[in-house]
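K.L.:
The structure that follows is given in the form of structure tokens.
The values are calculated or read from the model by the stated rules, or taken from the named source; none is laboratory data. Only a predicted model underlies this, so the values are computations on that prediction, with no experimental measurement involved. As a convention, Cβ positions derive from the backbone with ideal geometry for all residues, glycine included, and neighbour counts pool all protein chains shown.
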Amino acid sequence: MSALKANLLDEIATQGAMPLEAYMARALADPEHGYYMQRRPFGAPDSDGGDFITAPEVSQMFGELIGTWLADLWDRMGRPEPFCLVELGPGRGTLMADILRVGQVLPGFTQSAQVHFVETSPALRQAQKQAVALPNSGHSVHWHDNISTLPALPCLIVANEFFDALPIRQVKKTASGWQEIYVGAQGDALVFEPRDIPAPDFSAAAKACLPATIDDDSIIETCPAGETAMRQLCGHIAQHGGAALLIDYGHANPACGDSFQALEAHRFVDPLEAPGMADITAHVNFPLLAHLADLADLQVAPVATQGAFLESLGLNLRAQQLVQSSPGREAQIQSERARLAAPDEMGTLFKVLGVAHKAMPPLAGLTRKTPT
Ligand code: SAH
């Protein structure tokens, strides 16, 4: 039994069941045994192990295309100097390392950048420090526990698989009323425990993004921490300028459903089996993130799929260039491209949301909403 599971069973025995949100927060971020606090989560199944593999770890092409997207936007927005190049939940720091490497093709971009990471895990902060320690790069690097302490400067913000790691609540609609999902215990096992509640206390924004009809026995997921992070992010951009590119797996239209899941060693496992040992995530509610940006008076591009976004930024061309410079790796490079963009891999499940200050130029690869 994982150490955290033993602790949680003790706590439940004395204090009773805990809301799913509290369980997910502990499983991921318990200071001693939380998943991101002690595990080395990322890696391909055939390389250094890990539990899951993210797009920047699949291929350098991902970070290179995002890096050129950012450098181009910085150029078109008038080359602010200094500006904050921000990443939320940077993991091993691979994406930012690729951004900074490719960003050097545009003179002034990395030199004007202050790199800011929003990261809670001390172990991952250490890995990020090593990843971006480029010789003679000139940029400074800072860490934050959350978005609220970013400096008062224009920000270009990127987040890949950050929002899916924030704790969710689950509420169930039944024929006789509403229930909230708690985590309780049966002997040595943690179990889901629905509890009757008077009515769900969704935020007004979350309510506005629910599907038009909700059938009985539907699960509705909300992510209070994700809403807070998005409100802070949008408030910062509205006040100081800039843009954010948010990439995650999730739904582009209002939806119900249970997406609470755990991965360990690249396999789906029971999310209550070994808290602290498996990565636990949930789908991101993109309509709600877009709505929050609208409320903050930002420009909001329609949600795109990762595949369409990367292809429109030149994924195919970049793959061809890499094949030309290393012919023996053609099969590998093409399989990386497919992994990132094919509809049956990450191409459709993963979505991209771009939001920006009203004064910003259009966001490349993301079409503007047609005026209604
Ligand atoms: N973006 C990386 C890693 C994604 S995993 C990649 O694509 O490979 C999620 C990341 O978010 C980890 O770095 C984790 O430590 C961080 N994280 C999770 N919850 C967080 C929170 N509440 N505040 C800040 N960072 C958080």
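K.L.:
Go through the residues of the range 69-82 one by one and say whether even a single one is more than 20 Å from ARG339 (Cβ to Cβ), buried (at least 23 other Cβ atoms within 10 Å of the Cβ) and either among the acidic types (Asp, Glu) or at pLDDT below 95 (or both).
P.N.:
no
Per-residue answers, yes or no, for (1) near the ligand (Cβ under 9 Å from one of its atoms); (2) on the phi < 0 side of the Ramachandran plot; (3) small (Gly, Ala, Ser); (4) not in a helix (DSSP H, G or I):
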position	(1), (2), (3), (4)
LEU70	no, yes, no, no
CYS84	no, yes, no, yes
ARG92	yes, yes, no, yes
LEU95	yes, yes, no, no
ALA123	yes, yes, yes, no
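K.L.:
Considering only the range 157-166, I want to know if a residue exists there that is within 23 Å of GLN111 (Cα to Cα), within 12 Å of the ligand (Cβ to nearest atom) and modelled with pLDDT under 95.
P.N.:
no
K.L.:
When the residues of the range 203-218 are narrowed to those that are buried (at least 17 other Cβ atoms within 10 Å of the Cβ) and not small (Gly, Ala, Ser), which ends up farthest from ALA359 (Cα to Cα)?
P.N.:
LEU210
K.L.:
Here's another thing I want to ask about it. All but one of (1) within 16 Å of the ligand (Cβ to nearest atom); (2) in contact with a helix residue (DSSP H, G or I) (Cβ under 7 Å, 6 or more places away or on another chain); (3) within 30 Å of GLU81 (Cα to Cα) hold for GLY314, so report the exception by its number.
P.N.:
All conditions are met except number (1).
K.L.:
Right, something else. If GLU273 satisfies all but one of (1) within 26 Å of MET96 (Cβ to Cβ); (2) surrounded by fewer than 20 Cβ atoms within 10 Å (Cβ to Cβ), what's the number of the condition it fails?
P.N.:
All conditions pass for GLU273, except number (1).
K.L.:
Tell me, which residue of the range 72-82 that is assigned to a helix (DSSP H, G or I) and in contact (Cβ under 8 Å) with a residue 60 or more places away in the chain is farthest from the ligand (Cβ to nearest atom)?
P.N.:
So the residue we want is ARG76.
K.L.:
Something else about it: Just to check your reading of the model, which residue among ASN316, ASN253 is assigned to a helix (DSSP H, G or I), surrounded by fewer than 22 Cβ atoms within 10 Å (Cβ to Cβ) and polar (S, T, N, Q)?
P.N.:
Of the residues listed, the single one that is assigned to a helix (DSSP H, G or I), surrounded by fewer than 22 Cβ atoms within 10 Å (Cβ to Cβ) and polar (S, T, N, Q) is ASN316.
K.L.:
Going residue by residue through the range 239-248, is there one that turns out to be in a loop (DSSP other than H, G, I, E, B) and either closer than 28 Å to ASP196 by Cα or of a type outside the set (Asp, Glu) (or both)?
P.N.:
yes
K.L.:
For a quick check of your reading of the model, give me the residue pairs whose first member lies in the range 182-195 and is outside any strand (DSSP E or B), whose second is at pLDDT 95 or above, with beta-carbon atoms closer than 6 Å and at least 6 apart or on different chains.
P.N.:
Going by the 6 Å Cβ cut-off, there are no qualifying pairs.
K.L.:
Sticking with this one: Do you know which residues across the range 80-109 are touching a Leu at 6+ places or on another chain (Cβ under 7 Å) and farther than 22 Å from GLU57 by Cα?
P.N.:
Those that are touching a Leu at 6+ places or on another chain (Cβ under 7 Å) and farther than 22 Å from GLU57 by Cα: PRO82, PHE83, CYS84.
K.L.:
Being of a type in the set (D, E, K, R), under 17 Å from the mean Cα position of the chain (by Cα) and within 22 Å of ILE53 (Cα to Cα), is that true of even one residue in the range 122-133?
P.N.:
yes
K.L.:
Now for a different question. Exactly one of (1) touching a strand residue (DSSP E or B) at 6+ places or on another chain (Cβ under 7 Å); (2) buried (at least 22 other Cβ atoms within 10 Å of the Cβ) is unmet by SER140. Its number?
P.N.:
Single failed check for SER140: (2).
K.L.:
Condition first: in a loop (DSSP other than H, G, I, E, B) and under 21 Å from ALA238 (Cα atoms). Now tell me which residues in the range 150-161 satisfy that.
P.N.:
LEU150, PRO151, ALA152, LEU153, PRO154
K.L.:
Mind listing whichever residues of the range 293-312 are assigned to a helix (DSSP H, G or I) and farther than 11 Å from ALA238 by Cβ?
P.N.:
ASP294, GLN306, GLY307, ALA308, PHE309, LEU310, GLU311, SER312, listed by residue number.
K.L.:
If I filter the range 283-301 for residues that are under 17 Å from ILE66 (Cβ atoms), within 20 Å of the chain's Cα centre (by Cα) and hydrophobic (A, V, I, L, M, F, W, C), do I get at least one hit?
P.N.:
yes
K.L.:
In the range 35-64, what residues are more than 9 Å from the ligand (Cβ to nearest atom) and at pLDDT 95 or above?
P.N.:
Hits for the range 35-64 are VAL58, SER59, GLN60, MET61, GLY63, GLU64.
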